[in-house]
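So the structure is just underneath, and the comments pick up after that.
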């Protein structure tokens, strides 16, 4: 009688981890993801993307996990064959974005702002050319953004290089919200205390998987909490191209996304 393999919970960031910069996903990654799912492991996505922009990636990987963490942990989707796209919103965290938006605007006068609501609908002041935001959106003036509870606020400042942007964010002294800074002058703001790690811990408890059997792989500053969470007792894996603070968050480093670092680390399970 063969031994039962104790399953792992594997949380994968999308952009810069699962997906290359040009939007492709390598055959090597697809092969490893499908191998792990076939073996009974819980392989899922944990992303800053909205649900509308995250769920199509499951089709490309040919997996149907029970949960998908979206909007940096503010929205967790649950598999439901009767729901649109096969998933329903299971847990949703919202906050009033008016204080933080009014605080940021004087510091970043030419910034572009977008707010995602609990239904995954985006309102934006200027177009944000990014695949992580779903198509369900409308152009509004700034004051309209203040009127809707948010799961996620996105701020982009084209006038700043990364170093200047970090300095401006530091001066803001943002409080009562969680935030992560992207590769470019991009600020992602979530409800206080909500991030990919808090959502993944809730998923882990629901699935009954031990803390020693979690792996998280990511490359961005919005992955830091999740990598720390995984590394405490399991495996927190930073992609090779990650910024220094992301590399320091996990307890492992794999190759870059260009060299299919995700496929390499998944092959070790």
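For region 154-185, filtering for residues that are under 16 Å from residue 109 (Cα atoms) and in contact with a helix residue (DSSP H, G or I) (Cβ under 8 Å, 6 or more places away or on another chain) leaves 5.
Which of the strands (runs of 3 or more DSSP E) found entirely inside region 151-220 contain at least 1 residues meeting this: at pLDDT 95 or above and surrounded by 18 or more Cβ atoms within 10 Å (Cβ to Cβ)? Talk me through it step by step, then tell me what you get.
Numbers: elements: 152-156, 177-181, 186-191, 214-218.
Answer list for region 151-220: 214-218.
Only a single criterion out of (1) modelled with pLDDT under 95; (2) in contact with a helix residue (DSSP H, G or I) (Cβ under 6 Å, 6 or more places away or on another chain) is not satisfied by residue 4, namely (2). Note on region 161-170: residues that are over 20 Å from residue 145 (Cβ atoms) and in contact (Cβ under 8 Å) with a residue 24 or more places away in the chain amount to 1. Selection within region 21-38: residues that are outside any helix (DSSP H, G or I) and at pLDDT 95 or above. The member of this set that is farthest from residue 214 (Cα to Cα) is 24.
Scan region 76-86 for residues that are in contact (Cβ under 8 Å) with a residue 12 or more places away in the chain and out of contact with any helix residue (DSSP H, G or I) (no Cβ under 6 Å at 6 or more places or on another chain) and jot them down. Listed by number, the residues that qualify are 78, 79, 86. Which residue, of 265, 258, 237, is out of contact with any strand residue (DSSP E or B) (no Cβ under 9 Å at 6 or more places or on another chain), within 30 Å of residue 40 (Cα to Cα) and either assigned by TED's automatic domain parsing to the domain that holds residue 31 or assigned to a helix (DSSP H, G or I) (or both)? Result: 258 is the single residue among 265, 258, 237 that is out of contact with any strand residue (DSSP E or B) (no Cβ under 9 Å at 6 or more places or on another chain), within 30 Å of residue 40 (Cα to Cα) and either assigned by TED's automatic domain parsing to the domain that holds residue 31 or assigned to a helix (DSSP H, G or I) (or both). Regarding residue 60, is this residue surrounded by fewer than 17 Cβ atoms within 10 Å (Cβ to Cβ), outside any strand (DSSP E or B) and in the same structural domain as residue 223 (by TED's automatic domain parsing)? Here the answer is yes, as residue 60 does meet what is asked.
The values are calculated or read from the model by the stated rules, or taken from the named source; none is laboratory data. Values in this document were obtained by computation on a predicted structure and should not be read as measured data. Every residue, glycine among them, receives a Cβ derived from its backbone with ideal geometry; neighbour counts consider all protein chains shown.
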